[in-house]
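The next block holds one structure in the form of structure tokens; read it before the comments.
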Amino acid sequence: MRLGFHASHEQIDPARLLDDVQHAERAGFDMAMCSDHISPWGSRQGHSGYAWAWLGAALASTDLELGCVCAPGQRYHPAVVAQKIATLAQMFPGRFWTALGSGEASNEHITGDRWPPKEVRTRRLEECVDVISRLLDGEEVSHDGLVTVDRARLWDLPETRPRLVGPAVSVASAARVAAWSDGLVTINQPVDTLRDVVAAYRDAGGRGPCALQVHLSWAPTEAEAEAVALDQWRTNVFPEPVNWDTETVEGFDVMAQHVGIDAVRGAVEVSADLAWHRDRIAELAAVGFDDVYLHHVGQDQRPFIDAFGEHVLPALRG
């Protein structure tokens, strides 16, 4: 099991986040991943730098493997996504992967195009994956469907094709992405749910590593850990389709006004006890995950990086 750092662009400005990922490497994290948003989930988070510019700087200034969750098809044309992937993979061989998802309206509505129903978004994603895969294989691609591509070609290709990973939270999504993905990435949920998600992916022929992103909140006291989680993650507790279809930060803020700590604890592993976090991460990882990315939902990452680098990562490896 490898242990990674999650870089949350919605919560931290890109210059500071670059310092954070460099700090995480020095503290002993094996790898990192990041989000790719144009707006945060709530106004209290308050940031959203351009992930792809940041990734170039992060890859150049660390030796970490990095990944990014990206939604092709509306905000990004799939040929442009393929070019971004190929360029980073060519410059940093074997160190970059991309998870391709169907997106959220909060990021995609900016184009002014209609936000499609979920099934249409999933079929659009699958078309985009096919286009991106063929471009990464060196083909010239034309396509006319839910996305349109006219004679696209990548002129600079990596020697080793980077992994295209399937993000999935539900059993149905895990089984569906298994048809095309080189790995699975999901988020912390009840152990039985995670077990079903991994089984669905593997039973459908899913190949490659399974990765888990764990949202957590740690602070020296329980009250501080709860306060951080409530402040920063109360807008992120809503299930589908609300999280998919809400378009604005203001909308998430209004919905979150009445969210309490119990609801946040359903989405975030909250404790002041480092040993508790160690045991909980181990419990979740034992379901069948090769890689685990830790996301402290606070905006000040330094104490978390230092504490987990000294006390949690070595214990999990030992």
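The values are calculated or read from the model by the stated rules, or taken from the named source; none is laboratory data. Here the structure is a predicted model, which means the values were calculated and not measured. Please note: Cβ atoms are built from the backbone with ideal geometry, for glycine as well, and neighbour counts cover all protein chains shown. These area figures cover heavy atoms from the full protein model, side chains too; ligands, DNA and RNA do not enter into them. Shrake-Rupley method; radii C 1.70, N 1.55, O 1.52, S 1.80 Å.
Numbers below:
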{"item": "Net dipole in debye of segment 137-288 [+1 Lys, Arg Cβ; -1 Asp, Glu Cβ; about Cα centre; nearest 20]", "result": "500 debye"}
{"item": "Heavy-atom accessible area ranking, 1.4 Å probe, most first, across T246, T148", "result": "T148, T246"}
{"item": "Rule-of-thumb Rg ratio for segment 174-225 [Cα; 2.2 N^0.38 Å; N residues]", "result": "1.47"}
{"item": "Given charges at Cβ of Lys, Arg, Asp, Glu: segment 1-115 dipole, positive-most of C34, H77, G101", "result": "H77"}
{"item": "Dipole magnitude of the chain, debye to nearest 20 (Cβ charges: Lys/Arg +1, Asp/Glu -1, about Cα centre)", "result": "560 debye"}
{"item": "Nearest-ten-degree value, helix 222-233 long axis tilted from longest Cα axis of the chain", "result": "20 degrees"}
{"item": "Volume of the Cα convex hull of segment 57-162, divided per residue and given in Å³", "result": "100 Å³"}
{"item": "More than 17 Å apart - percent of Cα-Cα pairs taken over segment 80-226", "result": "68 percent"}
{"item": "Fraction of beta bridges assigned by DSSP in segment 59-215 that are antiparallel (%, nearest 5)", "result": "20 percent"}
{"item": "Residues whose placed amide H lies under 5 Å from that of L212, excluding near-sequence neighbours", "result": "T186, D291, V292, Y293"}
{"item": "Structure-based [θ]222 nm, the chain - -39500 (n - 2.57) summed over DSSP H runs of at least 4, per residue, nearest 500", "result": "-12000 deg cm²/dmol"}
{"item": "Highest average packing first - 184-195, 163-174, Cβ atoms within 10 Å", "result": "163-174, 184-195"}
{"item": "Relative contact order of the chain, defined on C-alpha pairs under 8 angstrom at six or more residues apart (%)", "result": "20 percent"}
{"item": "Cut-off under 5 Å, modelled amide H: who pairs with V165 long-range", "result": "T98, A99, L100, D182"}
{"item": "Rg followed by Dmax, in Å, when the chain is reduced to its Cα trace", "result": "18.8, 58"}
{"item": "For segment 114-126, 3J(HN,Hα) per residue [Karplus equation, 6.51 cos²θ - 1.76 cosθ + 1.60, θ = phi - 60°, Hz, x = Gly/Pro]", "result": "4, 7, x, x, 4, 4, 5, 4, 5, 5, 5, 4, 5"}
{"item": "Cut-off under 5 Å, modelled amide H: who pairs with H143 long-range", "result": "V149, D150, R151"}
{"item": "Convex hull volume per residue in cubic angstrom - Cα atoms of segment 164-318", "result": "120 Å³"}
{"item": "The chain: antiparallel DSSP beta bridges as a percent of all, rounded to 5", "result": "10 percent"}
{"item": "Peptides 117-124, 128-135 ordered by average Cβ neighbours within 10 Å, highest first", "result": "128-135, 117-124"}
